[in-house]
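Scroll down for the structure; my scribbles are underneath it.
Coordinate-derived values only; no laboratory data. Everything numeric in this text was worked out from a predicted model, so none of it was measured. Here the Cβ is made from the backbone with ideal geometry for all residues, glycine too, and neighbour counts use every protein chain on show.
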Amino acid sequence: MEKISKKLASSKHGKEQDSTANQGVRLSEFIHQNEKQIVSEWETFARTLTPAANDMTPLALRNHINEILAFIVNDIESSQTDEEQIQKSQGGKEKSSISTAAEIHAALRLAGGFEIDQLVSEWRALRASIVRLWSVANIHMDNADVIDLTRFNEAIDQELAESVCHYTQKVSYSKDLFIGILSHDLRSPLNVISLSTRLMLDTNVSQERQTALAKQISESTSRVTKIVDDLLDITRARFGSGLPVIRAPMDMGVVAEQLVNEIRAAHFDRTINLEVAGELKGAWDKARIGQMLSNLIGNAVQYSFKDSPIYVTVKGTKDDVILSVHNKGVPISPEKIGTLFDALTRASIDEGDHPGSVNLGLGLYITEEIVISHGGRIEVVSTEKEGTTFTVHFPWSV
Amino acid sequence: MGVTSAMLKETTAGEPCRYRVLVVDDDEGCAKTLTWIMEMLGHDAQFALDGQSAIGLARTFHPQVVLLDIGLPGMNGYEICQAMRILPALQHTVFIAQTGWGKKEHLERAKNAGFDHHLVKPINLDALKTILVDMGKSRFSK
């Protein structure tokens, strides 16, 4: 605590200060002078909000807290009429352009996987930390200090309200978007089912086409079923205790071969090369590994050039088992690659680009969950020249 | 492209027009089924799975109706529509968008790209039939 400055207030508040003969430091000045320590305490707190905060770089955290503090200082210092104060305390103050730092903060927190209660607790921590530090440095409070404290609380409340408001707006937008994509993706197989059924009712349809139509209906039904299954998995992964994983001895190479054969049978016009090497016997969840491979190879089939082969490799090394799925195709845009694995917070879906598909989104979200629950990691590289490659690493020791 | 004598004859006889229809969808099941539906309705239909081959096919097939999916890899439906619209043989072709998106902005965007109609999947066959019948009526009255 010795480090805290105890300078007299700046000339800005000089008159008021002198008249009350305060020997302490005014709040705005105090925040300004001790910004470093406030930020550092707040950062330490934010880091306890794991696991989401693990992804936050110190810089991302710091940039916005500095702007937020600047807003608060400015707010305390700026004169405020009584009417304004009443308005603000009732949440009626007009939005100031400076306060967008709180909104950016909310957006960053959402993208970083913070829950709303974590977001709120950050603000509580900031308030508590500043008040505590200041009251140590400023033992004798006078009238001016009480006014400062009131303004400070109002500024924090305003920032908090904006942050929460922005957070919930973004969540609600993501949900709308998600439901939009979900219904879009259900519409395609439903379209095939509906049209095929209509055709089958036509008495002039040849036996050959009848068979083809029945097959299409069956495939489309599987697609709808898969989307619904994926949705249930997502619900469990996001709102429950994560994806359940039951480990048992298995051979990654054998499972890969089974999966590749299944997909070959369903897409006999496609070439799928499989390369298996090294030690591949370990304890994983066989059904989940199959689901993961099916998602990755399925995507490769769907999003590759129709005449290009797909390469699946499974390699056991000293440290881990590496699975990769490679295909040539239209590359995934750099903007989309960052949020590729998160179906629910994907920023925007433009049908004009790479087909925005919940199939892809849900499948990859679940794939990542499967990988994480096995203690592994997944990466994706996608370029025009090299094509797209998903690589999964499963370490031997978790 | 205009009206062929065969079409006129059928129309005057009270039968629906027979059109050359091009179906474009990257989902082969969708493309095939819709093509067969068109055949069932008495039209001459072909399909393509992507933009490049669709435009290639349009140059020789001269479709009078193009049923385009929007979310396609590579060229999207809007781009394909714009590219086809400038082909001399397709000056009178009717472009119908068929997509999974049905929001106002999607309709607006389709209209701006040069689409005459916008159908949301699963396609309502009656709506599609109405478009084709109306096409015949307006052509015939010309």
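By average Cβ neighbour count within 10 Å, what is the ranking of A:120-127, A:296-303 from highest down?
Averaged packing, sorted descending, gives the order A:296-303, A:120-127.
What residues have an amide H closer than 5 Å to that of residue A:276, excluding those fewer than 5 places away on the same chain, when H is modeled at 1.01 Å from N in the peptide plane?
Amide H neighbours of residue A:276, under 5 Å, 5+ apart: A:314.
Over 30 Å between Cα atoms, which of A:175/B:121; A:306/B:137; A:226/B:111; A:328/B:32 qualify? Mind showing how you got there, number by number?
On the way: A:175/B:121 21 Å; A:306/B:137 40 Å; A:226/B:111 34 Å; A:328/B:32 25 Å.
Too far apart for the 30 Å limit: A:306/B:137; A:226/B:111.
Please compute the net charge surrounding residue B:23, taking Lys and Arg as +1 and Asp and Glu as -1 over other residues with Cβ under 9 Å from its Cβ. Don't skip to the answer; put the middle values down first.
On the way: positive: B:32; negative: B:25, B:69.
Charge balance near residue B:23 sits at -1.
Could you sort the peptides A:136-142, A:37-43 by per-residue average Cβ neighbour count (10 Å cutoff), highest mean leading?
Numbers: A:136-142: 13.6, A:37-43: 18.0.
By packing density, highest mean first, the sequence is A:37-43, A:136-142.
Highest mean first, how do A:228-235, A:64-71, A:279-286, B:101-108 rank when packing is the count of other Cβ atoms within 10 Å averaged over residues?
Highest-to-lowest ranking by the protection proxy: A:64-71, A:279-286, A:228-235, B:101-108.
Using amide H atoms built 1.01 Å from N in the peptide plane, name the residues 5+ places from residue A:284, or on other chains, whose amide H lies under 5 Å from its own.
Long-range HN contacts for residue A:284: A:248, A:250.
What are the residues whose amide H is under 5 Å from the amide H of residue A:310, where those residues sit 5 or more places off or on another chain and H is modelled from the backbone?
A:271, A:272, A:273
What does the charge count around residue B:46 come to, taking other residues whose C-beta lies under 13 Å from its C-beta (Lys +1, Arg +1, Asp -1, Glu -1)?
0
Which whole number gives the average, over all residues in B:97-108, of C-beta atoms from other chains lying within 10 Å of the residue C-beta?
Mean partner-chain Cβ count within 10 Å for B:97-108: 3.
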